[in-house]
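Here is the structure we will look at.
The values are calculated or read from the model by the stated rules, or taken from the named source; none is laboratory data. Quick caveat: nothing in here was measured; it's all calculated off a predicted structure. We place every Cβ from the backbone using ideal geometry, glycine too, and count neighbours over all the protein chains shown.
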């Protein structure tokens, strides 16, 4: 009698194959989706005997789905310009967490939650390394805060420098005032420090540093500038500064001390400034030559506080935040996870995977290290489904289904003919 289970197994297997093809085509536009392929295997065999050569005579029992394998090759990157969109180039998965459950995804169409954290479309928190003071701290994973409005604190100015030339042809008693240099106190308030130079003799000058009277507690708009430091400068015959406040200016002591801002009106901590007068190559930053008196450049190491305005993801996963005070500071770093057998990961929907006993545990690291891929901010990884291949597979599976259905029809006819033999 015909064994109907054999063609029925073919119908079931090819039906599953068609379902996989349909799922691939349905997810052609799903971000980060990985194409799947069905692999069949044959079933048990019935041995009917042997032939004259002693070889077994066997009849197979059909087929079944042996595995459904994911193709983890990278999809095409599509530029979007959206800062929360991140594409993975190469190996690795984003790490996500929600309510203590850890999952992994290739889908980089991320977004910012109402409380300012980076999350997936499904609401899972995207995990990474935290940053403190612009420095990434690799270690325990944490949620990444990227919401606008977060603040970086002010940095008090401790050093300043000015590239200034004082005219050697100026008359004794004449003065020159440099354009004010803006420094910052511990609260981030800016203060304009002006330096006035007065020639007292050949190669000798005095300086007086002042700030506006309003910067000092009890000051008024109409008050005279408040002196915050003063001293003497001596130049050699080559026009280089040699002595400041009776102290030699050398590579060992390249700075002028004595400028101090106290009793500030905003209640900030006192500021003690170190005025750099010589660079690391031994070049004098304050000179006296026959050129006009002028300050060509100035700099200082303080800053006001700032609020996050925007951010961008770098190739190594670092999230660089642009703040209102003009600073660009790292505010976190995305990480990637890899597995000993990524084919063993279990799909759980929502573009996410979970670990299994066969996948092994996740090994987490910074993008671009340890075999992990890199990232492209403002881009999305498209699915790697190839339409032409899927249509070809669909036709093959459809024909296989029809062929097995024909076999069942043939078996049915044989069964009817067998029954009719008794009539």
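Which of the residues that make up the stretch 182-204 are over 19 Å from residue 273 (Cβ atoms) and either within 41 Å of the chain's Cα centre (by Cα) or in contact (Cβ under 8 Å) with a residue 40 or more places away in the chain (or both)?
Once the filter is applied, which keeps residues that are over 19 Å from residue 273 (Cβ atoms) and either within 41 Å of the chain's Cα centre (by Cα) or in contact (Cβ under 8 Å) with a residue 40 or more places away in the chain (or both), the stretch 182-204 yields only 203.
Criterion first (farther than 23 Å from residue 170 by Cβ, more than 39 Å from the chain's Cα centre (by Cα) and not in a strand (DSSP E or B)) does residue 280 satisfy it?
no
Pick from 166, 144: which is touching a residue at least 60 places away in the same chain (Cβ under 8 Å) and not assigned by TED's automatic domain parsing to the domain that holds residue 257? Show your work before the answer.
Values: 166 fails: not assigned by TED's automatic domain parsing to the domain that holds residue 257.
When all the criteria are applied, what remains is 144.
Given the structure, is residue 196 assigned to a strand (DSSP E or B), out of contact with any helix residue (DSSP H, G or I) (no Cβ under 8 Å at 6 or more places or on another chain) and not assigned by TED's automatic domain parsing to the domain that holds residue 135?
yes
Return the pair list, or none, for Cβ contacts closer than 8 Å from residues in the stretch 209-238 that are under 28 Å from residue 290 (Cβ atoms) to residues that are exposed (fewer than 12 other Cβ atoms within 10 Å of the Cβ), at least 6 apart or on different chains.
Between residues of the stretch 209-238 that are under 28 Å from residue 290 (Cβ atoms) and residues that are exposed (fewer than 12 other Cβ atoms within 10 Å of the Cβ), the close pairs are 232/246.
Got a sec? Which of 26, 53, 13, 17 is closer than 28 Å to residue 395 by Cβ, without any contact (Cβ under 8 Å) to a residue 12 or more places away in the chain and outside the structural domain of residue 89 (by TED's automatic domain parsing)? Full working, then the answer.
Values: 53 fails: closer than 28 Å to residue 395 by Cβ; 13 fails: without any contact (Cβ under 8 Å) to a residue 12 or more places away in the chain; 17 fails: without any contact (Cβ under 8 Å) to a residue 12 or more places away in the chain.
Just one listed residue meets the conditions, 26.
Just give me the residues in the stretch 344-375 being surrounded by 14 or more Cβ atoms within 10 Å (Cβ to Cβ) and part of a loop (DSSP other than H, G, I, E, B), in sequence order.
Within the stretch 344-375, 345, 350, 351, 355, 359, 360, 362, 366, 367, 368, 372, 373 qualify.
So, of the residues in the stretch 319-330 that are in a strand (DSSP E or B) and surrounded by fewer than 23 Cβ atoms within 10 Å (Cβ to Cβ), which turns out to be nearest to the chain's Cα centre (by Cα)?
Out of the qualifying residues, it is 320.
Do we have residue 203 as at positive phi and out of contact with any helix residue (DSSP H, G or I) (no Cβ under 7 Å at 6 or more places or on another chain) here? If you could, list the steps in order and put the result at the bottom.
Working: at positive phi: yes; out of contact with any helix residue (DSSP H, G or I) (no Cβ under 7 Å at 6 or more places or on another chain): yes.
Criteria met by residue 203.
If a residue counts only when it is farther than 30 Å from residue 342 by Cα, which strands (runs of 3 or more DSSP E) contained entirely in the stretch 40-90 have at least 3 such residues?
Values: elements: 45-50, 56-60, 63-70, 77-79, 86-89.
Ranges flagged: 45-50, 56-60.
Any residue in the stretch 290-297 that is within 35 Å of the chain's Cα centre (by Cα) and either assigned to a strand (DSSP E or B) or surrounded by 13 or more Cβ atoms within 10 Å (Cβ to Cβ) (or both)? Please lay out each step first, then the result.
So the first thing to find is which residues in the stretch 290-297 are within 35 Å of the chain's Cα centre (by Cα), and the list is 297.
Now restrict to residues that are either assigned to a strand (DSSP E or B) or surrounded by 13 or more Cβ atoms within 10 Å (Cβ to Cβ) (or both): 297.
Yes, the stretch 290-297 contains at least one residue that is within 35 Å of the chain's Cα centre (by Cα) and either assigned to a strand (DSSP E or B) or surrounded by 13 or more Cβ atoms within 10 Å (Cβ to Cβ) (or both).
If you scan the stretch 56-72, which residues turn out to be at pLDDT 85 or above, over 17 Å from residue 393 (Cβ atoms) and out of contact with any strand residue (DSSP E or B) (no Cβ under 6 Å at 6 or more places or on another chain)?
At the first step, the residues of the stretch 56-72 found to be at pLDDT 85 or above are 56-57, 63-72.
In the following step, the residues that additionally are over 17 Å from residue 393 (Cβ atoms) were identified as 56-57, 64, 72.
Across the stretch 56-72, the qualifying residues are 64, 72.
Quick test for you: out of 243, 227, 169, pick the one residue that is surrounded by fewer than 18 Cβ atoms within 10 Å (Cβ to Cβ) and not in a strand (DSSP E or B).
Working: 243 fails: not in a strand (DSSP E or B); 227 fails: not in a strand (DSSP E or B).
Just a single option satisfies the conditions, and that option is 169.
If you go through the stretch 146-166 one residue at a time, how many are modelled with pLDDT of 95 or more and assigned to a strand (DSSP E or B)?
Count: 8.
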